[in-house]
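These notes are about the structure you will find just below.
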Amino acid sequence: MHDEMSCRASNGDNGSRSTGEFELYDNLSRKACKKRCLVSTDTCYGFEYSSIGKCEIWIVPIDRSKLKYAPSQKCYIKDENLLPRGYKFRQFGGKGCRTSNGDKGSKSTGEFDLFKKVTRSTCENKCEDEGKGCSGYEYSSRGGKCEIWKVRIDESKLKFMTGGFDCYVKDGSTEGPNTSVDDGNQFNLDARELTGFADSNGHVWKSSRQIWNEHTIDNDFKWKESYSDENSVYLLDKNGRDGVTARIDLKLAQIIYCPDVGRCSAMAAIKTVASNKKQQQCSRDKEVRIYKFSINGECDSSGDIPRGEHQLRFDGSKYFPNRNSDCNQSPQGYCKWDEEEAHYLGENAPWKSISALDSITVGTIEHDKIGQDDITSAKLEANDWYIDTCETYEVAVAAEFYQERVKSRCFGLSAALKGKDRANLQDCTNWTEPNDSFVWYLEVKPAAQKRAYRVFSETP
């Protein structure tokens, strides 16, 4: 998906229904537009969807290099590896899927995409739709939980599970990056503290002010740090290769190389690492910001298009948006956000100074064009969000938008913090966003921490 981009043909033209580049449909939801493209497996190369419900089904190839900026449009290009369909799957009854290091994976760390309340056949179809981007799927008959796996599933590491789980591995599957850990390397280190390392190819990687240098015998390559989290550092190529990205993954002890969107493979194993980790003194007070807002379910039943208009709140005051460039806005200053999607606030999300003993209340006002605006909020007492640490961590809180109550919450923690004896800490990697809810994701860092990492930017 290419956000705020308009599809273009190989000659750079935006196409036309009359000249045969695309078929045009009005007043469709994004899901309905996508479905029209998927069922036209032989003729659809992708689709363009706009905020007014306009759907273009492209029947000529779309050129990624010619896409044009368009604030209210999104261009979705079908992966060339989608066809042919008709894959065979090997079923492992009563077992859960596992990576090559025996890990069960997580939606938040990118091993799989999660869908709920679907049938097994629908789950399998979703995997087929991803083509070589899906190595298999895990399905639970209790609740219709469907995990579409994007990395290689190791059949030798599958684990027996209760709850009606089955793992289905695509026959002959080699899709997705190999997640085996070379020489058993494990790094008890937050990736955001990483300053350098050597890899199994003999390359030396060093970081300086978010620019990474990959030194080889013959040449040096430059990468720009896009964002980082607990496990990974995400890089953009700075050597003239448009669209090339890479990920330094400490959890997998690998460098994952992506020459194109949706096509990645392991490049090398990570060996010796260096970091700026050290004992530090920091303020007990925190700085907090909302970096992501998710809408699960259809919270606005008055419109044909599954979209709401939202203003986020923080401790009773308007928080986001604050400027015209923050999002696609209504005349009243509300963000026009699609439902059933996560929305990243990016670098424009302001930091708020919070005392260690203070509570936090986050919320959203959903503009109603017909009746009264809907207000939903979630309050976190100090014990619900505060951890006495100098590390940066994540807190997620969900609230039902029908019953307006806090549903659940989780913490995104480093390995060191997970070892703390605290009964109310639930790891976000094992947490599923509730149905029919709003979810606010908070980033928390010490008030005295000077370095602000560029994290959580949305990438195509």
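The values are calculated or read from the model by the stated rules, or taken from the named source; none is laboratory data. Keep in mind the model is a prediction, meaning the values are calculated, not measured. Positions of Cβ are generated from backbone atoms using ideal geometry, with glycine treated the same way; all protein chains shown enter the neighbour counts. Heads up: the accessible areas ignore ligands, DNA and RNA and are worked out on the full protein's heavy atoms, side chains in. Shrake-Rupley method; radii C 1.70, N 1.55, O 1.52, S 1.80 Å.
Structure values in brief
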{"read-out": "Some residue of the range 263-274 being of a type in the set (A, V, I, L, M, F, W, C) and farther than 25 Å from T99 by Cβ", "value": "yes"}
{"read-out": "Residue ID - farthest from the chain's Cα centre (by Cα), chosen from residues in the range 136-156 that are within 20 Å of S265 (Cβ to Cβ) and of a type outside the set (A, V, I, L, M)", "value": "E155"}
{"read-out": "Of the criteria (1) modelled with pLDDT under 75; (2) within 23 Å of the chain's Cα centre (by Cα); (3) open to solvent by 50 Å² or more (accessible area, probe 1.4 Å), which one S180 fails", "value": "(3)"}
{"read-out": "Test for R98: is it of a type in the set (D, E, K, R), in a loop (DSSP other than H, G, I, E, B) and within 30 Å of E230 (Cα to Cα)", "value": "yes"}
{"read-out": "Members of the range 311-336 that are buried (at least 17 other Cβ atoms within 10 Å of the Cβ) and under 26 Å from T392 (Cβ atoms)", "value": "L312, R313, F314, Y319, F320, P321, C327, C335"}
{"read-out": "Yes/no for E111 being crowded, with 19+ Cβ neighbours inside 10 Å and at pLDDT 85 or above", "value": "yes"}
{"read-out": "The range 204-259 - residue that is in a loop (DSSP other than H, G, I, E, B) and among the polar types (S, T, N, Q) and, of those, surrounded by the fewest Cβ atoms within 10 Å (Cβ to Cβ)", "value": "N219"}
{"read-out": "Where a residue in the range 51-69 is touching a residue at least 40 places away in the same chain (Cβ under 8 Å) and its partner, wherever it lies, is among the small types (G, A, S) and in a strand (DSSP E or B), with Cβ under 7 Å and at least six apart", "value": "S51/S72; W58/G46; I62/G46; L67/S6; K68/S6"}
{"read-out": "Hey, A274 in contact with a Leu (Cβ under 9 Å, 6 or more places away or on another chain) and in a strand (DSSP E or B) or not", "value": "yes"}
{"read-out": "Residue satisfying all of: in the range 34-53; in a helix (DSSP H, G or I) and modelled with pLDDT under 75; most open to solvent (accessible area, probe 1.4 Å) among these", "value": "V39"}
{"read-out": "Segments classed as strands (runs of 3 or more DSSP E), wholly inside the range 303-345, with at least 1 members that are more than 22 Å from the chain's Cα centre (by Cα), closer than 16 Å to R289 by Cβ and small (G, A, S)", "value": "317-320"}
{"read-out": "Test: residue in the range 384-394 that is within 24 Å of N322 (Cα to Cα) and either modelled with pLDDT under 85 or in a strand (DSSP E or B) (or both)", "value": "yes"}
